[in-house]
Amino acid sequence: MDHTRTFDEIKSLIKDFNQARGWGKSHNPKDLAMSIAIEAAELMEIFQWVPTEKTYELKDSEHLKEELADVLIYCFQMAISLDLDVASAVEEKIEKNAIKYPTK
Ligand SMILES: [Mg+2]
């Protein structure tokens, strides 16, 4: 199940976490873009040298979940810093992808 919170609730959770620590003011789009890439690299590192057929065996890995969460948290922080509507951005991109890659 993946719908226990809305995107707005996730954004609030992240904002509250940052606010409580005095963080967030330095979270500019450039640094957040780099942070997304850095966390994506940490996620990839988990799979480095793992045979492809064994990658699904990592699905219960706490480390994998944490790195995936790190990527997503920075993506949400990017949306917060630019005041972007995440759901609309995803919906609009899917619509564009559907036009670019039509079904047969
Ligand atoms: Mg990490």
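For the reader, a short list of remarks on this structure follows.
- Subset tally (residues that are closer than 13 Å to residue 76 by Cα and assigned to a helix (DSSP H, G or I)) for the stretch 18-38: 6
- Count of the stretch 25-61 residues which are loosely packed, with under 11 Cβ neighbours inside 10 Å and hydroxyl-bearing (Ser, Thr, Tyr): 3
- Of the residues in the stretch 66-83, none is surrounded by 11 or more Cβ atoms within 10 Å (Cβ to Cβ), free of Cβ contacts under 8 Å to residues at least 24 places away in the same chain and more than 12 Å from the chain's Cα centre (by Cα).
- Matching option when the condition is under 29 Å from residue 19 (Cβ atoms), of a type in the set (A, V, I, L, M, F, W, C), free of Cβ contacts under 8 Å to residues at least 24 places away in the same chain and part of a helix (DSSP H, G or I), among 41, 98: 41
- Top-ranked residue in the stretch 9-31 [being closer than 16 Å to residue 83 by Cα and basic (Lys, Arg); ranked as modelled with the lowest pLDDT]: 25
- Test: residue 35 is within 11 Å of the ligand (Cβ to nearest atom), closer than 18 Å to residue 81 by Cβ and of a type in the set (Gly, Ala, Ser): yes
- Filter result for residue 15 (away from the ligand (no atom under 16 Å from the Cβ) and in a helix (DSSP H, G or I)): yes
- Residue 65 passes every criterion in (1) within 16 Å of the ligand (Cβ to nearest atom); (2) in contact with a helix residue (DSSP H, G or I) (Cβ under 8 Å, 6 or more places away or on another chain) apart from (2).
The values are calculated or read from the model by the stated rules, or taken from the named source; none is laboratory data. Predicted model, so just to flag it, every value in this text is computed and none were measured. Glycine also receives a Cβ, built like all others from the backbone with ideal geometry; neighbour counts cover every protein chain displayed.
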